[in-house]
Amino acid sequence: MLQTAPPNADLTGRESEFDVELRKVFKVFNGETAVRGVEFGIRRGEFFSILGPSGCGKTTTLRLIGGFEMPSAGEVMIRGQSMTQVPAYRRPVNTVFQSYALFDHMNVRDNIGFGLRLKNLSKAEIQRRVDEVLELVKLEPLASRFPKQLSGGQRQRVALARALVNRPAVLLLDEPLGALDLKLRKQMQYELSSLHQDLGVTFVMVTHDQEEALSMSDRIAVMRDGRIEQIGTPQEIYDAPKTPFIADFIGDTNLFEGHVERCDATALVIRTNAGLELLVDRSQADQTERLDRGSAVVVSVRPEKIDLHLYPTETTHNTFEGRLAHTMYLGTHIQFTIKLTSGAVLTVRQPSNLAEHPALNTPVFVSWSPTHSLALAAG
Ligand code: ATP
């Protein structure tokens with residue numbers, strides 16, 4: 001079993017609850033703030049992802065943990081110790097870069113052992129540890145090949161092995177699967193998750209791929225404009241996004257802008273800007289901001305929560321007529337684009353074994369339950 005760095009106690013002798021902790025961290029580059037007061041704690045053994053659109057500050061946040069950047073303000077803690085005075089090479093972390101950064105003139109074995117040779121470990125110890133990780137990432141048969149003789153997935157495994165051979169407390173992964181094609185990416189997602197489970201090492205991964213983050217992580221921090229917009233489990237982020245930005249960024253959704261027309265103890269009635277009346281269950285109203293009559297809101301309805309009917313339904317709320325504008329076959333599902341009579345365009349997803357398929361341009365009816373939509377305060 002691969003060993004990792006021993007846990008450190010902080011100056012008070014207490015063991016920290018977190019492997020990595022960011023305390024109100026800011027990073028300013030030439031007057032431009034890339035990271036704005038980011039705060040979070042990553043628990044030991046967690047698979048934690050930092051997700052967000054291009055330029056939101058996720059790589060900078062990872063580099064601040066790795067020590068490749070120093071905070072302009074705030075503090076990075078690893079295992080209870082401040083990293084302010086600790087350079088990158090002395091931190092108990094290793095990084096796997098998207099580019100892999102392998103040495104072309106060294107074979108797989110030498111690439112993996114490179115860091116250990118710098119540490120002046122004995123030849124026998126280096127060989128033992130390299131063998132251990134070669135087995136872990138299933139690269140033993142390729143140990144004497146050079147990077148150019150490897151596939152993308154194999155190169156990615158060498159990069160992983162090279163980081164893991166140092167037995168880091170925390171493994172930092174910067175878009176680790178970004179250079180792989182879709183099929184290989186799926187396979188490596190599975191391998192990376194299994195490796196994480198087997199090792200129990202804390203993984204911190206940066207990705208802009210929401211599906212990747214949802215499928216692999218214990219928790220996800222979604223960043224926007226240098227700030228953390230929400231931290232939660234994949235299910236919390238998907239089912240209970242805190243803001244319209246998260247609802248839109250994570251998975252597909254239909255968003256309706258409008259305002260609260262009426263509300264009581266059980267439901268909110270929302271009037272959308274296009275004139276639709278939507279009913280949202282009270283339990284699905286914004287948990288952080290209080291919504292009252294007149295509040296500007298965005299209603300989010302996931303495509304898979306909408307039912308499609310060929311005939312009018314008996315339900316009286318959240319049911320609308322439209323025409324089928326487009327059909328897209330997605331394997332297990334079919335995605336329908338529906339143009340409502342009001343002009344709004346809806347995306348609806350149904351299992352592909354649906355009994356009856358509507359034809360293009362035919363009238364259709366959509367409906368959804370008040371518990372299957374979310375009303376969020378407009379940003
Ligand atoms: P991407 O997904 O495109 O890699 P990101 O979310 O990882 O984006 P960062 O690379 O962290 O974003 O960049 C955040 C902001 O900081 C960007 O506006 C970027 O231009 C800026 N930035 C990052 N590194 C530097 C640097 N070394 N010097 C100046 N500006 C930088």
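The values are calculated or read from the model by the stated rules, or taken from the named source; none is laboratory data. Note that the coordinates shown come from a computational prediction; the quantities given were computed from them, not determined experimentally. With ideal geometry, Cβ positions are generated from the backbone for all residues, glycine too; neighbour counts draw on all protein chains shown. These accessible areas exclude ligands, DNA and RNA; they are computed on the full protein's heavy atoms, side chains included. Shrake-Rupley method; radii C 1.70, N 1.55, O 1.52, S 1.80 Å.
Observations on the structure shown:
- Filter result for Thr243 (within 16 Å of the ligand (Cβ to nearest atom), crowded, with 18+ Cβ neighbours inside 10 Å and in contact (Cβ under 8 Å) with a residue 24 or more places away in the chain): no
Residue by residue, here is whether (1) more than 31 Å from the chain's Cα centre (by Cα); (2) surrounded by 13 or more Cβ atoms within 10 Å (Cβ to Cβ); (3) at positive phi holds:
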site	(1), (2), (3)
Glu277	yes, yes, no
Arg290	no, no, no
Glu321	yes, yes, no
Gln335	no, yes, no
Thr341	yes, no, no
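- Enumeration of residues in the range 185-218 that are open to solvent by 40 Å² or more (accessible area, probe 1.4 Å) and of a type outside the set (Asp, Glu): Lys186, Gln187, Tyr190, Gln197, Gly200, His208, Gln210, Leu214, Ser215
- In the condition set (1) open to solvent by 30 Å² or more (accessible area, probe 1.4 Å); (2) within 29 Å of Cys263 (Cβ to Cβ); (3) assigned to a loop (DSSP other than H, G, I, E, B), Glu304 is compliant with all but (3).
- A search for C-beta distances below 6 Å between a residue of the range 313-331 that is in the same structural domain as Thr362 (by TED's automatic domain parsing) and under 14 Å from Leu354 (Cα atoms) and any residue that is open to solvent by 40 Å² or more (accessible area, probe 1.4 Å) and charged (D, E, K, R), counting only pairs 6+ apart in sequence or on different chains, returns nothing.
- Of everything listed in (1) farther than 28 Å from Pro234 by Cβ; (2) within 13 Å of the ligand (Cβ to nearest atom); (3) open to solvent by less than 50 Å² (accessible area, probe 1.4 Å), the single unmet condition for Ser82 is (2).
- Verdict on Gly55 being among the small types (Gly, Ala, Ser), closer than 19 Å to Gly41 by Cα and within 16 Å of the ligand (Cβ to nearest atom): no
- Test: Phe114 is closer than 25 Å to Leu180 by Cα, surrounded by fewer than 15 Cβ atoms within 10 Å (Cβ to Cβ), modelled with pLDDT of 90 or more and among the hydrophobic types (A, V, I, L, M, F, W, C): no
- Cβ-Cβ contacts under 6 Å between residues 6 or more apart (or on different chains), taken from a first residue in the range 297-312 that is in the same structural domain as Lys339 (by TED's automatic domain parsing) and within 18 Å of Gly251 (Cα to Cα) to a second residue that is open to solvent by less than 20 Å² (accessible area, probe 1.4 Å) and outside any strand (DSSP E or B), are listed as Val299/Ser373; Ser300/Ala247; Val301/Trp368; Val301/Ser373; Lys305/Trp368; Ile306/Trp368.
- For the range 130-139, the count of residues that are open to solvent by 10 Å² or more (accessible area, probe 1.4 Å), within 33 Å of the chain's Cα centre (by Cα) and closer than 22 Å to Tyr89 by Cα is zero.
- When residues of the range 10-29 are limited to those that are surrounded by fewer than 17 Cβ atoms within 10 Å (Cβ to Cβ) and either at pLDDT 95 or above or touching a Phe, Trp or Tyr at 6+ places or on another chain (Cβ under 9 Å) (or both), the one nearest to Leu171 (Cα to Cα): Arg23
- Restricting Arg117, Arg79 to residues that are under 25 Å from the mean Cα position of the chain (by Cα) and of a type in the set (D, E, K, R) narrows the list to Arg79.
- Some residue of the range 89-105 being open to solvent by less than 40 Å² (accessible area, probe 1.4 Å), modelled with pLDDT of 90 or more and hydroxyl-bearing (Ser, Thr, Tyr): yes
- Every residue from the range 30-52 that is surrounded by 20 or more Cβ atoms within 10 Å (Cβ to Cβ), within 14 Å of Arg219 (Cβ to Cβ) and either without any contact (Cβ under 8 Å) to a residue 40 or more places away in the chain or within 12 Å of the ligand (Cβ to nearest atom) (or both): Ile50, Leu51
- Within the range 58-76, considering residues that are among the charged types (D, E, K, R) and within 12 Å of the ligand (Cβ to nearest atom), the one surrounded by the most Cβ atoms within 10 Å (Cβ to Cβ): Lys58
- Looking only at residues of the range 160-182 that are away from the ligand (no atom under 16 Å from the Cβ) and under 19 Å from the mean Cα position of the chain (by Cα), we find that the one that is farthest from Tyr89 (Cα to Cα) is Leu182.
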